[in-house]
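The values are calculated or read from the model by the stated rules, or taken from the named source; none is laboratory data. Since we're looking at a predicted model, the values are computed, not measured. Because the Cβ atoms are built from the backbone with ideal geometry, glycine has one as well, and the counts that use them run over all protein chains shown.
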Amino acid sequence: MPPGAWRNDRSMFSPIEYVLKENLRGWLDLIEEWQGASITWAPNFVFSLLLDRQEQIQSRHWIVSSMLSMVNAGEAGCSVATSARFP
């Protein structure tokens, strides 16, 4: 678990610096590592980065099947355009 992070039975919170690590691999690593979580959230800019860098992160396959919901939140402007880019 990254420094400054904490978790309980159903939640994990991590500093944004770790989430953004290595083209968002930190966030995807945490989701895969801790299969107890079923919901994650991030600000709109993180979802935009994920989409913009999808070629760079496709070199690895993450198991994120525990996720029931990935929420776009934490920013004043959650972009419909960003959300619409997800298949």
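Summary table below
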quantity: Looking only at the stretch 68-87, and only at residues there that are closer than 12 Å to W41 by Cβ and surrounded by 14 or more Cβ atoms within 10 Å (Cβ to Cβ), the one that is modelled with the highest pLDDT; calculated: M70
quantity: Test: residue in the stretch 36-59 that is more than 14 Å from the chain's Cα centre (by Cα) and at pLDDT below 80; calculated: yes
quantity: Selected residue [under 22 Å from S83 (Cβ atoms), without any contact (Cβ under 8 Å) to a residue 24 or more places away in the chain and in contact with a helix residue (DSSP H, G or I) (Cβ under 6 Å, 6 or more places away or on another chain)] from W62, W27; calculated: W27
